[in-house]
Amino acid sequence: MALVKIREVLDGCHENEKVTVRGWVYRKREGKTLIFLLVRDATGFIQCTVKKDSPAWGDAERLTIESSLKLEGTAKPDKRAPGGYEITAESIEVIGLAELFPITKDQSEQFIRDLRHLWLRSRRMNLVMKIRDKVMQFSRDFFESQDFTEVSPPMFISAAVEGGSTLFGLKYFDQNLYLTQSSQLYLEILIYSLEKVYCIAPSFRAEKSRTIRHLTEYWHMEGEWPFADMNDLMRFEEELMAHICQQTAEKCKPELEELGVDVSKLASVKTPFPRMTYAEAVELLRKKGATLKWGDDLGYEDEKTLAEEFGKPFFVYDYPTAIKAFYCKTHSDRPEIALSVDMLVPRIGEISTGGAREDDKDKLIKRIEEMGLKAEDYEWYLDLRRYGTVPHVGFGMGLERLLAWMLDLENIIDAIPFPRTTRRFYP
Ligand code: 4AD
Ligand code: MG
């Protein structure tokens with residue numbers, strides 16, 4: 001008897017054949033002469049019926065929700081069954097009989113979030129995790145198609161990238177180190193050998209903000225390459241984004257539909273993306289009643305207001321130098337404006353930041369000191385400007401923010417299996 005995945009049965013590959021499936025009991029309904037089991041595996045759900053005169057009856061009776069089992073029977077088309085197929089069970093092997101499962105229907109979000117290790121079995125989380133896997137794959141495919149090399153940066157670091165206020169410090173034997181906030185500086189090292197490099201790796205932020213878009217540990221997709229300018233950067237980012245969205249729309253259609261996501265939102269992400277300068281953004285926001293002025297950082301509310309204008313991904317570039325990190329290159333004739341760009345999307349706001357990096361050693365030292373940092377902490381970074389410096393650009397995109405937008409997730413914590421926030425670190 002063929003051991004099959006539930007998906008194959010639902011796809012009609014085994015009509016009227018005897019099959020064996022392995023999985024878990026998702027739902028159970030008991031009648032006097034018939035027991036309905038909804039069995040799930042990684043690929044889907046199937047209704048299985050057990051008749052009173054079947055040798056499987058006794059085992060079906062004692063099965064509890066989330067028990068694991070092996071079930072043999074005949075796969076038949078049945079219009080009344082969810083998915084259009086059911087299995088008439090002939091035998092059941094109970095593998096692990098479950099205790100009373102704590103997650104039942106109609107439970108609060110809070111309760112479910114505290115039982116993350118069990119909630120991950122839900123259909124919703126199963127679908128999100130599958131799409132997450134694909135999005136990582138489509139991202140890699142795109143980088144590789146553009147001759148990028150994937151590299152593995154360190155997580156323990158000795159100096160800040162994105163400012164001290166969100167640094168996690170830790171004891172490293174008898175030294176004080178930090179968890180990385182971004183792999184950018186390490187990618188910058190590697191461009192001198194490999195030129196186009198990227199990574200998809202964790203980044204850590206001691207971020208106290210409790211919002212729908214902040215995690216303390218998130219997955220960061222970062223790219224860096226030499227001999228390129230802001231135009232190359234924006235073009236690359238929009239092509240990457242369009243590739244990810246279109247591939248997801250095409251290859252994950254059933255999963256998206258089951259999650260209730262409008263597939264056309266993703267299919268319609270096409271290049272070129274609208275671009276506006278920071279100064280234009282400020283002007284637009286002021287017209288709409290905001291009180292911010294040139295020089296202020298855009299807040300979450302500002303970003304959402306801007307995003308409503310476009311209703312799709314777009315760029316804001318040319319931010320004031322003063323609100324950007326020490327490594328940002330500036331316009332040669334306007335040092336107050338940084339060669340920096342953010343990609344924004346509706347509801348979430350910023351999903352990526354990138355820019356040109358200061359490649360002049362003396363200007364870089366000046367910037368480091370102006371920001372109150374110590375140049376000696378960045379000796380190796382300055383070496384990159386001493387030995388064969390080169391104009392280069394790069395960016396970082398938060399994978400969970402991207403997914404939260406793509407999948408209309410209410411909160412970023414559902415884009416990652418084990419979210420870490422100020423309050424959440426269990427399990
Ligand atoms: O804007 P950020 O801080 O930029 C950098 O780290 C650059 N060094 C990246 C680079 O140029 N290589 O972070 C980049 C992106 C943000 O746009 C956002 O999508 C995500 O990382 N991000 C977070 N995602 C979830 N939770 C947080 N606390 C995040 N902080 C940043
Ligand atoms: Mg940013």
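The values are calculated or read from the model by the stated rules, or taken from the named source; none is laboratory data. Just so it is clear, the structure is predicted and the values come from calculations on it, not from any experiment. Here Cβ is always computed from backbone atoms with ideal geometry, including for glycine, and neighbour counts include all displayed protein chains.
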Residue list for the range 306-339, restricted to those being outside any loop (DSSP other than H, G, I, E, B), away from ligand 2 (no atom under 15 Å from the Cβ) and out of contact with any Leu (no Cβ under 9 Å at 6 or more places or on another chain):
Glu308, Ile337
Output the qualifying pairs, or none if there are none: Cβ atoms under 7 angstrom, residues six or more apart or on different chains, first residue in the range 340-361 and farther than 14 Å from Thr277 by Cα and of a type in the set (A, V, I, L, M), second residue assigned to a loop (DSSP other than H, G, I, E, B) and within 10 Å of ligand 2 (Cβ to nearest atom).
none
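From the list Ile65, Ile46, Ile87, pick out the single residue that is buried (at least 16 other Cβ atoms within 10 Å of the Cβ), of a type in the set (A, V, I, L, M) and assigned to a loop (DSSP other than H, G, I, E, B).
Ile65
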Has the range 166-180 got any residue that is among the hydroxyl-bearing types (Ser, Thr, Tyr), within 23 Å of Phe227 (Cβ to Cβ) and surrounded by 14 or more Cβ atoms within 10 Å (Cβ to Cβ)?
no
Considering residues of the range 158-200 that are at pLDDT below 95 and in contact with a helix residue (DSSP H, G or I) (Cβ under 6 Å, 6 or more places away or on another chain) only, the residue nearest to ligand 1 (Cβ to nearest atom)
Val161
Residue under evaluation Asn176, criteria (1) among the polar types (S, T, N, Q); (2) closer than 26 Å to Asp302 by Cα; (3) assigned to a strand (DSSP E or B), criterion not met
(2)
Considering only residues that are surrounded by 13 or more Cβ atoms within 10 Å (Cβ to Cβ), of a type in the set (D, E, K, R) and in contact with a Phe, Trp or Tyr (Cβ under 9 Å, 6 or more places away or on another chain), which ones fall in the range 287-312?
Lys312
Since Lys287 meets every condition but one in (1) farther than 30 Å from Glu410 by Cα; (2) without any contact (Cβ under 8 Å) to a residue 12 or more places away in the chain, which condition does it not meet?
(1)
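Go through the range 91-122 and give me each residue that's of a type in the set (S, T, N, Q) and part of a strand (DSSP E or B). Outline the logic, then answer.
Kept after step one, since they are of a type in the set (S, T, N, Q), are these residues of the range 91-122: 91, 104, 107-108, 110, 122.
If the condition is that a residue be of a type in the set (S, T, N, Q) and part of a strand (DSSP E or B), then Ser91 is the only one that fits.
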If I go through the range 235-245 residue by residue, how many of them are surrounded by fewer than 20 Cβ atoms within 10 Å (Cβ to Cβ) and more than 16 Å from the chain's Cα centre (by Cα)?
2
When the range 379-403 is examined, which residues are found to be farther than 18 Å from Glu207 by Cα and within 14 Å of ligand 1 (Cβ to nearest atom)?
Tyr381, His392, Val393, Gly394, Phe395, Leu402, Leu403
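Quick check, is Ser203 within 11 Å of ligand 1 (Cβ to nearest atom), surrounded by fewer than 20 Cβ atoms within 10 Å (Cβ to Cβ) and either at pLDDT below 95 or not in a loop (DSSP other than H, G, I, E, B) (or both)?
Here the answer is no, as Ser203 does not meet what is asked.
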Among the numbered criteria (1) surrounded by fewer than 18 Cβ atoms within 10 Å (Cβ to Cβ); (2) more than 12 Å from ligand 1 (Cβ to nearest atom); (3) touching a residue at least 12 places away in the same chain (Cβ under 8 Å); (4) not basic (Lys, Arg), which one does Glu257 miss?
(3)
Within the range 343-370, of all residues that are surrounded by fewer than 16 Cβ atoms within 10 Å (Cβ to Cβ) and over 17 Å from His392 (Cβ atoms), the one nearest to ligand 2 (Cβ to nearest atom) is Arg347
Of (1) under 20 Å from Leu167 (Cα atoms); (2) surrounded by fewer than 23 Cβ atoms within 10 Å (Cβ to Cβ); (3) aliphatic (A, V, I, L, M); (4) within 13 Å of ligand 1 (Cβ to nearest atom), Ala375 satisfies every one except (4)
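Mind listing whichever residues of the range 139-159 are surrounded by 19 or more Cβ atoms within 10 Å (Cβ to Cβ) and within 15 Å of Glu239 (Cα to Cα)?
Within the range 139-159, the first condition is being surrounded by 19 or more Cβ atoms within 10 Å (Cβ to Cβ), and the residues that meet it are 139, 142-143, 148, 151, 153, 157.
Once the filter is applied, which keeps residues that are surrounded by 19 or more Cβ atoms within 10 Å (Cβ to Cβ) and within 15 Å of Glu239 (Cα to Cα), the range 139-159 yields Ser139, Phe142, Phe143, Phe148.
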Which residues, taken from the range 378-427, are over 18 Å from Gln181 (Cβ atoms), within 19 Å of the chain's Cα centre (by Cα) and of a type in the set (Lys, Arg)?
Arg424
